[in-house]
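K.L.:
Okay, here's the structure, questions in a sec.
The values are calculated or read from the model by the stated rules, or taken from the named source; none is laboratory data. Remember, it's a predicted structure, so these values are computed and weren't measured experimentally. Cβ coordinates were reconstructed from backbone atoms using ideal geometry, including for glycine residues, and neighbour counts include every protein chain displayed. Please note that ligands, DNA and RNA were not included when accessible areas were found on the heavy atoms of the full protein model with its side chains. Shrake-Rupley method; radii C 1.70, N 1.55, O 1.52, S 1.80 Å.
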Amino acid sequence: MKYEVVMGLEVHVELSTNSKLFCSCSAKYGADANENVCPACAGMPGMPAVTNKKAVELGIAAALVTNSQITRTMTFDKKNYFYPDLPTGYQITQFYAPICRNGFVEIETSEGKKKITLKQIHIEEDAGKLVHDTRTGTTLVDFNRTSVPLVEIVSNPDFRTGEEVIAYLEKLRLLLSFAGVSDCKMQEGSMRCDVNISVREAGSEKLGVRTEIKNMNSLKAIAAAIEYESARHIEVLETGEGQLVQETRRWDEAKGETFSMREKENATDYRYFPNPELVPVFISDGWINEVRNSLPESSDEKFARMTGVLNLSEYDSKIISGSKNLADIFDETSKYFGKPKEIVNWIIVELISAAKGDNKGLDDIKIDCAKFAKIMEMVDGGTINRNVGKKLLVSVLEDGVDPEAYVKENNLGMVSDTGVIEEAIKTVISENAKSVAEYKNGNQKVVGFFVGNIMRKLGGKADPAIVNKLLMKYLNEL
Ligand code: ZN
Ligand code: MN
């Protein structure tokens, strides 16, 4: 029997606003527990709620980059359920008139291009966080995340493979992060994914029993969970042993399997109803155009500009336009230094490896772009050699040193004085008679050995071009 896996995704993305969705508390990640809480987001009865305009604008931006139809009068509703991290007893979300519907996202897989259609995107508030304290055996609640604005992007069940799911999440990350909607950092929970999955006989119209795997926050976990869960469904269908029930499951990373969390609720369980405390938000053509005109360059546009106008390679352009952070570093550095090819090289070859040593993701690399540009300028202009430039980059990353002052203070300026370089060459040649003999016997590899020793004698600061030229002259004259 051939089987077909059918999946739909619900992706929650935290919006890049300064404040929360209905109060002025900071929405910033990483504060101390309960630092960003006021009576409104702590769920005190009777507190006024005012919709965050910026959150709506980011919602409009999300609608635009996903080709969605924007609802002109959007409203908020209450989704009722009890959980200790939800102080009001309901989540404010959009049920009857979400911000947009019927969008699509185009993905690319090994099978070619495919359109993933979206049912809707709605704006909603996040819940707080429970912290289980094993030391005291108690559970504590942190309301910092309560009422932080999210969009939930609901796709239709268009996915057939794990590869499509991953391609879609990557595409969403690029669309939303370049539009400034969210930083989409899965490891910080600002992008989370629920997968609805069912399996049916190939060719059948009827969907199988659907389970939902909730709250996964790494692509690796998502791919593995899909693999596991679809195999579990197929085994039940195949052997007739066990039973599939509509339920919510979680992914156990350590065991590499999904487990049942609770039976799946239906929409009716939540008793959605309109929130009478929030006024409907009218979204005019003018407002939509304003948001559209202020959208920054997308990842695709950036790629096209880099390979086209700037004549950079597709390989390099793909890396830079694949991360909003790297793209920002590239653009900002370009303001100070006019050689894009050099900037791209420095980012890809030096910056990424220097910062990756810190175990950071591409989106976490931070560099002062003016200083970064200064290093390139000094290398390009022959003030320092490239190796010194690399070490300087590490000092800028780690200690924030001023490149020019640092080079002066530490006397790192490039040695181009041929007299000094010749002295070093002579010394190294006289100290290594054996290698000289090897060179004369046709072993070209010893040249690198000589260059290394000469550079070391000159504190790594010599002009490599002059060193090479003079060294070859001396060796060939011997
Ligand atoms: Zn608040
Ligand atoms: Mn939701």
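K.L.:
Do we have any residue at all in region 182-193 that's over 23 Å from L64 (Cα atoms), surrounded by 20 or more Cβ atoms within 10 Å (Cβ to Cβ) and in the same structural domain as A254 (by TED's automatic domain parsing)? So that I can check it myself, show each step before the final result.
P.N.:
Filtering region 182-193 down to residues over 23 Å from L64 (Cα atoms) leaves 187-189.
So of that shortlist, the ones also surrounded by 20 or more Cβ atoms within 10 Å (Cβ to Cβ) come out as none.
No.
K.L.:
Something else about it: Taking T248 as the residue in question, decide whether it is surrounded by 13 or more Cβ atoms within 10 Å (Cβ to Cβ), under 30 Å from F76 (Cα atoms) and touching a strand residue (DSSP E or B) at 6+ places or on another chain (Cβ under 7 Å). I'd like the intermediate steps shown before the answer.
P.N.:
Numbers: surrounded by 13 or more Cβ atoms within 10 Å (Cβ to Cβ): yes; under 30 Å from F76 (Cα atoms): yes; touching a strand residue (DSSP E or B) at 6+ places or on another chain (Cβ under 7 Å): yes.
Criteria met by T248.
K.L.:
I need every pair where a residue in region 409-431 that is over 16 Å from E477 (Cα atoms) and polar (S, T, N, Q) has its Cβ under 9 Å from the Cβ of a residue that is open to solvent by less than 80 Å² (accessible area, probe 1.4 Å) and outside any helix (DSSP H, G or I), sequence separation at least 6 or different chains.
P.N.:
N411/G459; N411/K461; S416/G382; S416/A462; S416/D463
K.L.:
How do the pairs read when you match residues in region 112-130 that are over 16 Å from L176 (Cβ atoms) with residues anywhere that are outside any strand (DSSP E or B) and of a type in the set (D, E), using Cβ under 9 Å and keeping only pairs 6 or more apart or on different chains?
P.N.:
Listed pairs, sorted by first residue: K114/D158; K114/E164; K115/D158; T117/D158; A127/D85; G128/D85; K129/D85; L130/D85.
K.L.:
Considering only region 24-43, I want to know if a residue exists there that is at pLDDT 95 or above, within 16 Å of ligand 2 (Cβ to nearest atom) and not aromatic (F, W, Y).
P.N.:
Within region 24-43, not a single residue is at pLDDT 95 or above, within 16 Å of ligand 2 (Cβ to nearest atom) and not aromatic (F, W, Y).
Results for (1) within 25 Å of E290 (Cβ to Cβ); (2) touching an Asp or Glu at 6+ places or on another chain (Cβ under 6 Å); (3) assigned to a helix (DSSP H, G or I), shown as yes or no for each residue.
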{"site": "I166", "(1), (2), (3)": "no, no, yes"}
{"site": "K171", "(1), (2), (3)": "no, no, yes"}
{"site": "L176", "(1), (2), (3)": "yes, no, yes"}
{"site": "V181", "(1), (2), (3)": "yes, no, no"}
{"site": "C193", "(1), (2), (3)": "no, no, no"}
{"site": "V199", "(1), (2), (3)": "no, no, no"}
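K.L.:
Oh, and also: Please enumerate the residues belonging to region 88-102 that are modelled with pLDDT of 95 or more, open to solvent by 10 Å² or more (accessible area, probe 1.4 Å) and part of a loop (DSSP other than H, G, I, E, B).
P.N.:
Across region 88-102, the qualifying residues are F95, Y96, A97, N102.
Yes or no, residue by residue, for (1) β-branched (V, I, T); (2) surrounded by fewer than 18 Cβ atoms within 10 Å (Cβ to Cβ):
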{"site": "T134", "(1), (2)": "yes, yes"}
{"site": "N156", "(1), (2)": "no, yes"}
{"site": "V165", "(1), (2)": "yes, no"}
{"site": "L169", "(1), (2)": "no, no"}
{"site": "L175", "(1), (2)": "no, no"}
{"site": "G203", "(1), (2)": "no, yes"}
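K.L.:
While we're here: If you go through region 409-433, how many residues are outside any loop (DSSP other than H, G, I, E, B) and open to solvent by less than 40 Å² (accessible area, probe 1.4 Å)? It would help to see each step written out before you state the result.
P.N.:
Keep residues of region 409-433 that are outside any loop (DSSP other than H, G, I, E, B), which gives 409, 415, 418-431, 433.
Now restrict to residues that are open to solvent by less than 40 Å² (accessible area, probe 1.4 Å): 415, 419, 421, 424-425, 428-429.
Residues flagged as outside any loop (DSSP other than H, G, I, E, B) and open to solvent by less than 40 Å² (accessible area, probe 1.4 Å) within region 409-433 amount to 7.
K.L.:
Here is a list: K356, K339. Which entry is outside the structural domain of E188 (by TED's automatic domain parsing), touching a residue at least 12 places away in the same chain (Cβ under 8 Å) and open to solvent by 70 Å² or more (accessible area, probe 1.4 Å)?
P.N.:
On the way: K356 fails: touching a residue at least 12 places away in the same chain (Cβ under 8 Å).
Unique residue meeting the criteria: K339.
K.L.:
With within 27 Å of K185 (Cβ to Cβ) and over 19 Å from the mean Cα position of the chain (by Cα) as the only criterion, which of A354, A304, A327 stands out?
P.N.:
Values: A354 fails: over 19 Å from the mean Cα position of the chain (by Cα); A327 fails: over 19 Å from the mean Cα position of the chain (by Cα).
None of the other options fit; the residue is A304.
K.L.:
Quick check on L118: is it within 16 Å of ligand 1 (Cβ to nearest atom) and in a strand (DSSP E or B)? Spell out how you get there, then give the answer.
P.N.:
Working: within 16 Å of ligand 1 (Cβ to nearest atom): no; in a strand (DSSP E or B): yes.
No; evaluated as a whole, the condition is false for this residue.
K.L.:
Looking only at region 132-162, which residues are away from ligand 2 (no atom under 16 Å from the Cβ) and assigned to a loop (DSSP other than H, G, I, E, B)?
P.N.:
Taking region 132-162 first, the residues away from ligand 2 (no atom under 16 Å from the Cβ) are 132-144, 156-162.
Listed by number, the residues that qualify are T134, R135, T136, G137, F143, N144, N156, P157, D158, R160, T161.
K.L.:
Could you grab me the full set of residues in region 9-37 that are under 20 Å from L130 (Cα atoms) and more than 13 Å from ligand 1 (Cβ to nearest atom)?
P.N.:
Hits for region 9-37 are H12, V13, E14, Y29, G30, D32, A33.
K.L.:
Considering every residue within region 163-174, establish whether at least one is within 16 Å of ligand 2 (Cβ to nearest atom), under 21 Å from the mean Cα position of the chain (by Cα) and not hydrophobic (A, V, I, L, M, F, W, C).
P.N.:
Taking region 163-174 first, the residues within 16 Å of ligand 2 (Cβ to nearest atom) are 172.
With the extra rule that they be under 21 Å from the mean Cα position of the chain (by Cα), the set shrinks to 172.
This time we only want the ones that are not hydrophobic (A, V, I, L, M, F, W, C), so: none.
No.
K.L.:
Is it the case that some residue within region 463-473 is under 30 Å from C369 (Cβ atoms), touching a helix residue (DSSP H, G or I) at 6+ places or on another chain (Cβ under 8 Å) and open to solvent by less than 70 Å² (accessible area, probe 1.4 Å)? Break it down stepwise before answering.
P.N.:
Restricting attention to region 463-473, the residues satisfying the condition of being under 30 Å from C369 (Cβ atoms) are 463-465.
Now drop any that are not touching a helix residue (DSSP H, G or I) at 6+ places or on another chain (Cβ under 8 Å), which leaves 463-464.
Now narrow it down to the ones that are open to solvent by less than 70 Å² (accessible area, probe 1.4 Å): 463-464.
Looking through region 463-473, at least one residue is under 30 Å from C369 (Cβ atoms), touching a helix residue (DSSP H, G or I) at 6+ places or on another chain (Cβ under 8 Å) and open to solvent by less than 70 Å² (accessible area, probe 1.4 Å).
K.L.:
Find the residue count for region 277-325, including only residues that are aliphatic (A, V, I, L, M), open to solvent by 70 Å² or more (accessible area, probe 1.4 Å) and without any contact (Cβ under 8 Å) to a residue 40 or more places away in the chain.
P.N.:
The initial filter retains those residues of region 277-325 that are aliphatic (A, V, I, L, M), namely 278-279, 281, 283, 288, 291, 295, 304, 306, 309-310, 312, 319-320.
Add one more test, that the residue is open to solvent by 70 Å² or more (accessible area, probe 1.4 Å), and what stays is 279, 309.
With the extra rule that they be without any contact (Cβ under 8 Å) to a residue 40 or more places away in the chain, the set shrinks to 309.
The number of residues fulfilling the criteria is 1.
K.L.:
May I ask you to list the residues in region 125-144 that are within 18 Å of V13 (Cα to Cα) and in contact with an Asp or Glu (Cβ under 6 Å, 6 or more places away or on another chain)?
P.N.:
A127, G128, K129
K.L.:
Can you list residue pairs whose Cβ atoms sit under 6 Å apart, with the first residue in region 25-53 being outside the structural domain of V148 (by TED's automatic domain parsing) and the second being at pLDDT 95 or above? Count only pairs 6 or more apart in sequence or on different chains.
P.N.:
none
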